[in-house]
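Derivation of every value follows stated rules applied to the coordinates shown; laboratory data play no part. Everything quoted here is computed from the prediction, not taken from an experiment. Cβ placement follows ideal geometry from the backbone for every residue including glycine, while neighbour counts extend to all protein chains displayed.
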Amino acid sequence: MSASIPEVALVLCATPGCTYGLEGGRCVNGIADPTDGRCPDYPNPGAGEINGTTTSSEDITTDSLTKDGESIGGATRASFVPLSSAQALNAEGAYRVTSERQTRVVVVSGLTRTGKTTLVTNIYDRFHAGPVAGHSFAGSQTLLAFEEWCHESRDASERVNPDTKRSPLTISGEQRFLHLCVTDDQSETGLRDLLISDLHGELFERVRDSSAAAVAMTVLPRADHFVQLLDGELLLDMSRRHETAADARRILQSCITAGVLTKRSIVQIVATKWDLVSASADKVAVLAFWNAKVASLEKLVAPHVGGFEAHITSARTAVSAGGKASGVEDLMSSWVRNSLQKPAASHIEVENPIIIREFDRVGLRSVK
Amino acid sequence: MTHDTARKRTFLVAGLQSSGKSTFLAALWHIATNDDGNEQGLSVVDFRGERGYVQQLETSWVQGEVVPHTRRAADNRVELVLNGASLSGPISLTLPDLSGEDFRAYFANREWPSSLDEFVQAIDGILLFVNPLTLVQPRPLSEVLAIEDSISLDRQSDDIVREASAVDPTPWDPQRAPCSVVLVDLLATITNRRGRRADPLRVAVIVSAWDTMEGAQVEPARWFQRDVALLDQYIRSNPRLFEVEVFGVSAQGGDILDPSVRETLLQQANPTDRVRITCNGKIDSDLTRPLSWLLEDEALT
């Protein structure tokens, strides 16, 4: 006779919001195994049991205040309503926003670690201290994504120095966007929506190397602003500054050749991490190099597009140093106020999304 | 029943952990269930919840003690139906999450009970609690480093100390998101679930423990604008969605942890006289002011 295995009763927890013990469920306090005694709420009285005295999930209620069969706050296990994910939007999500509202679309371009995500999350983070360049925060459909990506640049992360989580490279190379709604006195509604790309640097390596990759990025013709970043830290490095400027030039050239930057596009050349340049003994030489490259890029780009701007930013400059100090506020204000796109054609084209994904899979394989 | 008449208005009472909901509830309960100091003629028409627990809160409040932290439990919910001369009709105050922890869980898990979903679609307004003493504020590391730089000329040794004392970086946890973010998301979710409405939703912001801020010589609305900036901007930038008033509320009347202050407060014959409400330069002890504002006809505002 084989030894019998003791039957362990898995007790469900009646704490509101806790779905531990149910298929796909999780402890509301985020504890992997709440049965080990670390969860302050488990087991909560009123729970049913699996394998013991069973109670079906539909029978379990966290609410002792039921009124006419209804409850407020408490709920049966099966009766939860999903909320919007508050994560970065995919192309379809972006299409929905641009279809519903007059939206400024901003594509932030740059190779890996040039500061794309830092720039975007820093703009959002500044609203925690008050309006930015006179624009107030009016909402975001991607709050959780913003907060997650700001985390490593905050005191709560207990890091020694600020950092920013890198944009994930999705398997499909899917286009992803962060959403901000801000006040704008030039808008009919008083509000303006911004969709800002959050694209991995490797996607721009592909654009740099192939105009076909630029064509495949369906958001580019719709972009009100195409923001090409140049990493200030690399501009400081004599051995890498020319390569850095050349990469930016190649990306812009590729987009022009592909016809995705047009007279409806505003191109912005943006230097990031300028605080490092300002603190350097070489700052005068770097500024001269920067000015020369901006002039060169303007000569290349300006005849093909509707607008050309150059900005110097240092996103990690403390807010207490004053809004203008970082250069970030002027940049965002330009995104809010300026557009050359026709309102009637304001939505992002997402036709053939499967073809895009197939192309991107091929592209991903090619860069590995 | 009286409270089931058509005139009853329903309000959501919301706030995160230790935001002052329990103390406010304790004081309101005391006023509504006692004749002394009940100049508003407030009465409890109906009640759902753990009466014993609310009475325990009231006892602590009357004795000038710290109202115990509401531990997260199955019975987190309280519904209080009040009527009174100072109100233009019966009102239902519902606290679906007395401990304040569920709202964080909903934010992190991106789901909430269908019963709450149905409830928020029917509410007439919100009492939203924030506490200056327990507010979780985001602090950019660049700010922290700038402050360190300003007080020390020896940045290099500071960095060595920081490196040496550094613990492993704390991973992102949505349950620990800044209060203003969770509350922006809560209001956005509520308005999203309610759909398009002709009238904006009234939000009475209750800044609790206001006695701790009185030395700052600032109006509650100005403090809210400065210290809960994201939420303040969100509410004020959407006048089609929200109408807001900010009240500074000291339900205890002072710092009860200071023995001399507590003694002075306890000398008052009516505990209700300890209460101080500050709004638009007016200070009084009428705890129903935020409720009256929520009930005001649009024409009066």
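With 26 Å as the limit, write out which pairs from A:K293/A:K342; A:K263/A:K293; A:K273/A:K342 have Cα-Cα distances beyond it, or answer none.
A:K293/A:K342; A:K273/A:K342
Apply 1/(1 + (r/R0)^6) to the Cβ-Cβ distance of A:E92 and A:T257, taking R0 = 41 Å, and write down the FRET efficiency to the nearest 0.05.
0.90
Obtain the nm distance between the two label points defined at B:D35 and A:E100 by a simple spin-label model: each point lies 7 Å from its Cα along the Cα-to-C-beta direction.
Roughly 5.5 nm, to one decimal.
PRE reach from B:D199 (point 7 Å along Cα→Cβ): which of the stretch B:102-132 fall under 17 Å by backbone N?
B:120-127, by backbone N distance to the label point.
Counting helices only, and only those DSSP H runs with n ≥ 4, report the 222 nm mean residue ellipticity of chain B as the sum of -39,500 (n - 2.57) divided by its residues, in deg cm²/dmol to the nearest 500.
Helix-only estimate at 222 nm: -10500 deg cm²/dmol.
Expressed as an acute angle from 0 to 90° and rounded to the nearest 10, what is the orientation of the C-alpha long axis of helix B:179-194 relative to the principal long axis of chain B?
50 degrees
Using only the Cα atoms of the stretch B:18-119, each taken as one equal point scatterer with no solvent, compute I(q) by the Debye sum, divide by I(0), and report log10 of the ratio at q = 0.13, 0.18 Å⁻¹.
-0.51, -0.91
Roughly speaking, what is the stretch gain from B:S43 to B:D168, that is 0.36 nm per residue apart minus the C-alpha to C-alpha distance, in nm to one decimal?
39.6 nm
How would A:H200, A:H179, B:H69 line up from fewest to most surrounding beta-carbon atoms within 10 angstrom?
Ascending number of Cβ neighbours within 10 Å: B:H69, A:H200, A:H179.
I need the fraction of alpha carbon pairs in the stretch A:140-290 separated by more than 20 Å, rounded to a whole percent.
The proportion of pairs with Cα distances above 20 Å equals 61 percent.
Using a cut-off of 13 Å between beta-carbons, work out the net charge of the residues near A:R264 (Lys and Arg +1, Asp and Glu -1, A:R264 not included).
Here the count lands on +3.
What average number of partner chain Cβ atoms lie no more than 10 Å from the Cβ of the residues making up B:236-248?
Rounded to a whole number, the mean comes out at 2.
Report the antiparallel proportion of the DSSP beta bridges in chain B as a percent, rounded to a multiple of 5.
40 percent
Determine the relative contact order of chain B: mean sequence separation of Cα pairs under 8 Å and six or more apart, normalised by residue count, in whole percent.
Averaging sequence separation for qualifying contacts and normalising by length gives 21 percent for chain B.
Whole number please: convex hull volume per residue, Cα atoms of the stretch B:154-293, in Å³.
198 Å³
Once the Cβ-Cβ distance between A:A302 and B:E118 is put in as r, and R0 is 60 Å, what FRET efficiency do you end up with, to the nearest 0.05?
0.60
So if I place +1 on the C-beta of Lys and Arg and -1 on the C-beta of Asp and Glu, and nothing else carries charge, what would the dipole magnitude of the stretch B:87-136 be about its Cα centre? I want it in debye, nearest 20.
Taking the Cα centre of the stretch B:87-136 as origin, the dipole is about 160 debye.
List the relative contact order of the stretch B:162-301 as a percent without decimals, with contacts defined as Cα pairs under 8 Å and 6+ residues apart.
23 percent
Against the longest principal axis of chain B, how steep is helix B:51-62, in degrees 0 to 90 to the nearest 10, with axes from Cα atoms?
Rounded to the nearest ten degrees, it is 70.
Could you tell me what % of all Cα pairs in chain B have separations over 29 Å?
38 percent
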